[in-house]
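K.L.:
Provided herewith is a single structure, encoded as structure tokens, for subsequent inquiry.
Read the figures in this text as sums done on the coordinates, not as results from a lab. Being a predicted model, the structure only gives us computed values, none of them experimental. Cβ: placed from backbone, ideal geometry, glycine included. Neighbour counts: every protein chain shown.
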Number of protein chains: 4
Amino acid sequence: MLVVMQQGATDEQIQNVIDRLVSLGFTVHRSTGVLHTVLGGVGPADEMDPADFEVMEGVKECHRIVSPYKLASRYFRPQGTLIKIGKVEIGGPHIVTMAGPCSVESRDQIEKVAEIVAAQGAQIMRGGAFKPRSSPYSFQGLGEEGLKLMRAAADRHGLLVVSEVMDHTQLPMLMTYADILQVGARNMQNFNLLREVGRTRKPVLLKRGNSATIEELLLAAEYIMSGGNYDVILCERGIRTFETYTRNTMDISAIPVVKKLSHLPIVGDPSHGTGRRDQVLPMARAAVAAGADGLIVEVHPDPDRAMSDGAQTLSPGQFTEMMQQVRAIAAAVGRTA
Amino acid sequence: MLVVMQQGATDEQIQNVIDRLVSLGFTVHRSTGVLHTVLGGVGPADEMDPADFEVMEGVKECHRIVSPYKLASRYFRPQGTLIKIGKVEIGGPHIVTMAGPCSVESRDQIEKVAEIVAAQGAQIMRGGAFKPRSSPYSFQGLGEEGLKLMRAAADRHGLLVVSEVMDHTQLPMLMTYADILQVGARNMQNFNLLREVGRTRKPVLLKRGNSATIEELLLAAEYIMSGGNYDVILCERGIRTFETYTRNTMDISAIPVVKKLSHLPIVGDPSHGTGRRDQVLPMARAAVAAGADGLIVEVHPDPDRAMSDGAQTLSPGQFTEMMQQVRAIAAAVGRTA
Amino acid sequence: MLVVMQQGATDEQIQNVIDRLVSLGFTVHRSTGVLHTVLGGVGPADEMDPADFEVMEGVKECHRIVSPYKLASRYFRPQGTLIKIGKVEIGGPHIVTMAGPCSVESRDQIEKVAEIVAAQGAQIMRGGAFKPRSSPYSFQGLGEEGLKLMRAAADRHGLLVVSEVMDHTQLPMLMTYADILQVGARNMQNFNLLREVGRTRKPVLLKRGNSATIEELLLAAEYIMSGGNYDVILCERGIRTFETYTRNTMDISAIPVVKKLSHLPIVGDPSHGTGRRDQVLPMARAAVAAGADGLIVEVHPDPDRAMSDGAQTLSPGQFTEMMQQVRAIAAAVGRTA
Amino acid sequence: MLVVMQQGATDEQIQNVIDRLVSLGFTVHRSTGVLHTVLGGVGPADEMDPADFEVMEGVKECHRIVSPYKLASRYFRPQGTLIKIGKVEIGGPHIVTMAGPCSVESRDQIEKVAEIVAAQGAQIMRGGAFKPRSSPYSFQGLGEEGLKLMRAAADRHGLLVVSEVMDHTQLPMLMTYADILQVGARNMQNFNLLREVGRTRKPVLLKRGNSATIEELLLAAEYIMSGGNYDVILCERGIRTFETYTRNTMDISAIPVVKKLSHLPIVGDPSHGTGRRDQVLPMARAAVAAGADGLIVEVHPDPDRAMSDGAQTLSPGQFTEMMQQVRAIAAAVGRTA
């Protein structure tokens, strides 16, 4: 903890800060400069909020110097994390594709999707069973029946299953049917849910909230890992900005930044990242070029008739084209897809 | 639904859009202009996503013309909504103050707060019992014991209680102790929770998500109201922008905009809105000047020793000063506080 | 300059940073902690960019501890700055109103506006002579003829004139006709222009850019002041966020934050801040309640026929109502208007 | 122009809107729905601001249906624009690299850079002669002497020159030394400057403002093109968001979106886009993968001693590595680099 005092801060103000730091268990070093006094506090209380000091009298600013995340930091595991689920490896040289519909709609639909995506080289099928929608009058998902249909279709085609757990009460059900538990963007800071998935030993796909910083994403991963579950896959799926042409702005730079700061694998979601199917292919290519360990995309046999998210969902033909392009980019960065 | 075709859209492309609109139950009017053909679809399917049409071939843009919210719109109840809880009225001429600590910490603490805020004219006590924090190593709240302590202290001082329900499993417990159910910013689009609070008949304090538009806030209110619970109080508590000096940017303009678009009452939260106790007073004044029906602020007997959110928490002296200032502003806009 | 080294940084990396700091004229203090080494550099080179150190090998982060602005900081002149122009004082207890059309359109129009705004207590007339518009096909302003008309109308009604200088070549002309030189939001970081207005001794109204932080606004003021012109009036006029209902999000909190960090007066511009005339009144009230030293608003005899910015322009009746409301709020905060 | 009336709008309100549209030269079609009346105005006045109608009594919302840009739209030139300067083609299958220092500092520096970048296949040298900096105390550039040095070095190595014109008074000088006129991000809406460069016949590199939408970027291009200069190269260089790890968030999706909406070539600037040299390579790869027609990057013989922007500047070795990687990605998308 570094506390920079204002110009002209009084001795009493400085002493108050020192006293508070000491009372919290810090050892304090004081440097007196021409303009500012700086207090460096070394101690155990990493979770202190710098804002608590910034509002003290005479304080100019305060910086935390110990990483708020440790288990998630690159330093903890410099060689990177490889997550193995059966024959699938996430975080290695092969770029993993997760593909499937926004929602499971019917046995026929999910079977068709499974066939299509498996044929093109996807290893994991995505699909939602619970779809609490922004309109209370819309389709809300098939629930457990949807999970059963997806599991069966995936098994027939040798695919793994990733599906979203909306809250901790759904965890037992998702544990039964899914190979990877998805924590959605809106739940990135649902700490109850993070704690519960951290107690399982299922891999977790953690999506970045649409107004979350990269640091907050890593702190959410830390939350899960602190429960003992180290198999966290991060996902960049777009942040909210002033731009309106795309639904979100996909922050491609989050991919190399995460690779620098953390050892965890990261995948890109160009479907949610753009909200427009006509932008999914170039953004899938960009994500892989920037170093993504995988992609997660929405695919439907007939996107114009999808019950949710049709605008950002690829047709089988588009998905095939995407896979060809992604393989070319993967080769250009020394990987496979 | 208005669909604007691109310049040069073919007859086939236009016909595809018309066919799709008709298949969804719309009656379609076609206007052929010099540059663009415009299709106006009138029909029942208000929840259509304009993006579904925007990705069709030949379509330039698409606009939804029926409000996505109805129950929450000003048109539904032009005179405004007055929520009555015992002797307290929210949405009327008296500006209601909700005040209390971020977290309930002890019997002594909550008793002191209750005494202070009641003495200064607050009618409702706020306080959190469940504090899933961004760091997994921090204080997580007293749970049900905290609710009991808060209820008892509130009763001794004639205060109502507002407290956050973190997920739907906590609802029975919160129903027992609280007069108003708070849905936090991170849960603004937790549709499971919205549906469940919509089935109760307890007033709900719905906080705007930090990257939610005003329309999305109203749609979340609609979600609750569609369950039959019309007693929704909206809350502006800051949005995320590029500015870093304040934790969030409190969007004061959301207050008069909500008053124009909706009949629901709206309160301002300058504690979360700024994240800095030294900015709470001016922003409380601004919120009331802009037309807020109430305020919700954090108060603690000793903010520097608060177990959470101390930086944005007022001392008793600051709270007293705030109430004096707010009363003066209220009088200037023809209200009381 | 505080440089925090990464966990595990090598001695060579640490020495490289020390050497670089020393070569730039810093005296360096080294603190070795359990996890991190921290280097504190005290020296003359305040304008160093922390990013230059953050990309060095082994560096975790870097913080600048000397304010990047000095002349603009509150510490430089704790009592605040009062700008006097004739009988008008900006920054004192009286809240100054600047009002007038977006563009000067005709002798008749500007005369009517001058009469209206003077009658309601405005002391300064605003109006644009150069209107380079976002569409190249729109009305571009009357140029010098417009300035002459505005000057004459202002003089007849005892008003001062504020008008925008679009680039440094217009400065001589603006010096002739205006009492206050406006630097627009798009020019907030036009350093050529800032330098030139800094060489004059005319008061400057400096508008915050729509994606500028408060620190950047103060640094732009510093730029002007470093030329010897200390009469800078800051203006909050809305920042760009994801919200689309309003054209910009008026950051009311910038007003009290600037009052804390700087001694310069600040005014609010609810016309540009919201882009909607139906939101100007509540936001004018909010700005004054939050501590603004003045307001700048657009007024036109017939806003629906204004040649630019009509949507955010008040009618004479609305302006009259605004002044009444603002006077009530001013009284509530112990000021006049 | 489509005007959607509110539910319950009166006949008088509807007639007022119709009258206003007709007075502006529109032909009006009226559609009366169950809930809303919609007025479709077809006419010449494309530059109308929808906000002017949105503030009228009884109006719910208003949409403009004619593109605000025409010359810049893909429809105007479906095959795309190829800009030829000597032997260099921008917008064709070869991806063009522009590289050089932030500022020209000395004959020796610019000669070294020219040698390095030419050897690696760059065709255009970038470099600034005027550097009005955010701190008034920093290096401000060599001015015309810098342009002479850059021109000479470029000529020796067969490179073209791109350099920024800060305002219209510098145009004659830049016309003398540069092959491409750069309009910087802060000047993207400096309409005086846009008009003047539009009157020249030099190619223009137009950078997106850091809070500009894609539509606003295209409208700025339209402004230049309306003067007769069709050789506009767009540049994505990062937008301002809440993320702080990178200086800006490089909006990679702007590249494919611009390719869809417009015929103009677009290049990516990963130096400004990220502000960090350690993120330039992955983002250069991503830009090319997403379809960029070129790259512009900062290179210096000794970035740690660069007089400006060192943190985002590549060393010769890093630039060499970037070019190798970019060539691999280019091949993967069927192009050369």
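K.L.:
Hey, with R₀ at 35 Å, roughly what FRET efficiency would A:ASP155 and A:ALA331 work out to, going by the Cβ-Cβ distance, to 0.05?
P.N.:
0.70
K.L.:
Under 5 Å between amide H atoms, partner at least 5 residues away or on a different chain: which partners does C:VAL299 have, H built in plane at 1.01 Å?
P.N.:
C:GLY100, C:CYS102, C:LEU314
K.L.:
If you don't mind, another one. Could you give the size of the charge dipole of chain A about its Cα centre, using +1 on the Cβ of each K and R and -1 on the Cβ of each D and E, expressed in debye and rounded to the nearest 20?
P.N.:
Charge dipole, chain A, about its Cα centre: 900 debye, nearest 20.
K.L.:
What ranking do C:216-225, A:235-244 get when scored by the average of other Cβ atoms within 10 Å per residue, highest first?
P.N.:
C:216-225, A:235-244
K.L.:
Regarding the protein assembly as shown, what whole-number volume in Å³ per residue does the convex hull of its Cα atoms give?
P.N.:
Per residue, the Cα convex hull of the protein assembly as shown comes to 155 Å³.
K.L.:
Determine the shielding of peptide B:274-286 by partner chains: average, over its residues, the number of Cβ atoms on other chains within 10 angstrom of each Cβ.
P.N.:
Mean partner shielding for this stretch: 6.
K.L.:
Find the percent of Cα-Cα distances in the stretch D:147-224 that exceed 15 Å, and round it to a whole number.
P.N.:
53 percent
K.L.:
Let me ask you something else. P(r) for chain A: what percent of alpha-carbon pairs falls in each 10 Å bin, starting at zero?
P.N.:
It works out to 6, 24, 30, 19, 10, 8, 3, 0, in whole percents.
K.L.:
Residues with beta-carbon under 15 Å from that of A:ASP269, excluding A:ASP269: net charge, scoring Lys, Arg +1 and Asp, Glu -1?
P.N.:
+4
K.L.:
While we're here: Work out the FRET efficiency for D:GLU12 and B:GLU215 from their Cβ-Cβ distance, taking R0 = 35 Å, and round it to the nearest 0.05.
P.N.:
About 0.80, to the nearest 0.05.
K.L.:
I've got another one for you. Measure off 7 Å from each Cα along the Cα-to-Cβ vector at C:ARG305 and C:GLU321, then give the distance between these two points in nanometres to one decimal.
P.N.:
My value for the distance between the label points is 2.2 nm.
K.L.:
Now for a separate question. Positive end of the dipole of chain C, charges at C-beta (+1 Lys, Arg; -1 Asp, Glu), about the Cα centre: which of C:MET175, C:ILE214, C:SER315 has its Cα farthest in that direction?
P.N.:
With unit charges placed on the Cβ atoms, the residue in question is C:SER315.
K.L.:
Which of C:ASP302, C:ASP278, C:ASP11 ends up with the largest GNM mean-square fluctuation for chain C, with Cα atoms connected below 10 Å?
P.N.:
Maximum fluctuation in the GNM of chain C, among the listed residues, is at C:ASP11.
K.L.:
Follow-up question, since we're still on this one. Post the alpha-carbon centroid distance, the stretch C:271-337 to the stretch B:295-325, in whole angstrom.
P.N.:
32 Å
K.L.:
Per-residue mean of other chain beta-carbon atoms within 10 angstrom of the beta-carbon, peptide B:71-82?
P.N.:
1
K.L.:
If you don't mind, there's one more thing I want to ask. Nearest 5 percent is fine: what portion of the DSSP beta bridges confined to chain B is antiparallel?
P.N.:
40 percent
K.L.:
Okay, moving on. Give me the one-decimal Kirkwood hydrodynamic radius in Å for the stretch C:2-63, with the sum taken over alpha-carbon pairs.
P.N.:
One over the average 1/r among Cα pairs gives 11.4 Å for the stretch C:2-63.
K.L.:
Each residue of the stretch B:16-29 in turn: what ³J(HN,Hα) in whole Hz from Karplus with 6.51, -1.76, 1.60 and θ = phi - 60°, glycine and Pro shown as x?
P.N.:
Result, ordered by residue: 4, 5, 4, 4, 5, 4, 4, 5, 8, x, 8, 8, 10, 10 Hz.
K.L.:
Compute, for the protein assembly as shown, the length of the dipole vector about the Cα centre, with Cβ point charges of +1 (Lys, Arg) and -1 (Asp, Glu) only. Units Debye, rounded to 20.
P.N.:
Dipole size: approximately 0 debye.
K.L.:
Just to be sure I understand: of the beta bridges DSSP finds with both ends in the protein assembly as shown, what percent are antiparallel, rounded to 5?
P.N.:
DSSP beta bridges in the protein assembly as shown are roughly 40 percent antiparallel.
K.L.:
Can you tell me the 0 to 90 degree angle between the C-alpha axis of helix B:144-156 and the longest principal axis of chain B, rounded to 10?
P.N.:
So the helix axis and the longest Cα principal axis differ by about 70 degrees.
K.L.:
Select from D:VAL38, D:VAL197, D:VAL267 the residue whose mean-square fluctuation is largest in a Gaussian network model of chain D (Cα-Cα springs shorter than 10 Å).
P.N.:
D:VAL38
K.L.:
Take the alpha carbon atoms of the stretch B:164-190, find their center, do the same for the stretch A:150-225, and report the distance between the two centers in whole angstrom.
P.N.:
Rounded to whole Å, the Cα centres lie 22 Å apart.
K.L.:
Calculate one ³J(HN,Hα) per residue across the stretch B:188-199 by plugging θ = phi - 60° into the Karplus curve 6.51 cos²θ - 1.76 cosθ + 1.60, and present them in order as whole Hz with x for glycine and proline.
P.N.:
4, 10, 8, 5, 4, 5, 4, 5, 5, 5, x, 7
K.L.:
How crowded by other chains is D:256-265, given as the mean number of beta carbons from other chains within 10 Å of each beta carbon?
P.N.:
Counting Cβ atoms of other protein chains within 10 Å of each residue's Cβ and averaging gives 3.
K.L.:
Moving to a separate point now. To the nearest 20 Debye, how big is the dipole of the stretch C:2-63 about its Cα centre, given +1 on the beta carbon of each Lys and Arg and -1 on that of each Asp and Glu?
P.N.:
The calculation lands at about 260 debye.
K.L.:
How far apart, in nanometres, would the label points at A:SER106 and A:THR27 be if each is projected 7 angstrom from Cα along the Cα-to-Cβ direction?
P.N.:
The two pseudo-label positions are separated by 7.0 nm.
K.L.:
Mind ranking C:245-256, C:311-322 by how tightly packed they are, going by the mean number of other C-beta atoms within 10 angstrom, highest first?
P.N.:
The most tightly packed comes first, giving C:245-256, C:311-322.
K.L.:
Among all the lysines, which ones have a C-alpha under 23 Å from D:LYS259's C-alpha, if same-chain residues fewer than 8 places away are not counted?
P.N.:
Of all the lysines, those that pass the test against D:LYS259 - Cα under 23 Å, at least 8 places apart if same chain - are B:LYS60, D:LYS70, D:LYS84, D:LYS202, D:LYS207.
K.L.:
Let me have the relative contact order for chain C, percent, based on Cα pairs under 8 Å that are six or more residues apart.
P.N.:
Rounded, it is 16 percent for chain C.
K.L.:
Add -39500 (n - 2.57) for each DSSP H run of 4 or more in chain A, then divide by its residues: what number comes out at 222 nm, to the nearest 500 deg cm²/dmol?
P.N.:
-10000 deg cm²/dmol
K.L.:
With springs only between Cα atoms under 10 Å, which of A:GLU115, A:GLU54, A:GLU144 fluctuates most in a Gaussian network model of chain A?
P.N.:
In the Gaussian network model the winner is A:GLU54.
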